[in-house]
1. Considering only protein heavy atoms, what per residue accessible area in square angstrom results for the chain with a 1.4 angstrom probe?
2. Scan around Leu5 for amide H atoms under 5 Å from its own, H built in the peptide plane at 1.01 Å from N, and keep only partners 5 or more places away or cross-chain.
3. Explain nothing, just the number: dipole magnitude of the chain about its Cα centre with +1 on each Lys and Arg Cβ and -1 on each Asp and Glu Cβ, in debye rounded to the nearest 20.
Amino acid sequence: MQVSLPVAGTSATVKIVAMVLVSLRTREPAEARTRQAGADAAPTQVWDARSRGPSPLTQRQVTALAG
């Protein structure tokens, strides 16, 4: 499974396995901490969504998606 992580105003696509590695594209420790917080949220949201499973759609949502 692949997920896009926000890094330095762009997105980096990474493959999720036992460990996710991505460059934060900075050498400044303070900036790295800030970027790491944003990048860490994306896989967490993906894993949470996968554990919850698909959510049911209302009739209005189905109609909107159908066009």
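1. On a per-residue basis, the chain sits at 80 Å².
2. Ala12, Thr13, Val14
3. Working: 8 positive and 4 negative charges, 20 e Å.
Roughly 100 debye, rounded to the nearest 20.
The values are calculated or read from the model by the stated rules, or taken from the named source; none is laboratory data. Since this is a predicted model, take the numbers as computed values, not measurements. With ideal geometry, Cβ positions are generated from the backbone for all residues, glycine too; neighbour counts draw on all protein chains shown. Protein only, heavy atoms only, side chains kept; ligands, DNA and RNA dropped before computing areas. Shrake-Rupley method; radii C 1.70, N 1.55, O 1.52, S 1.80 Å.
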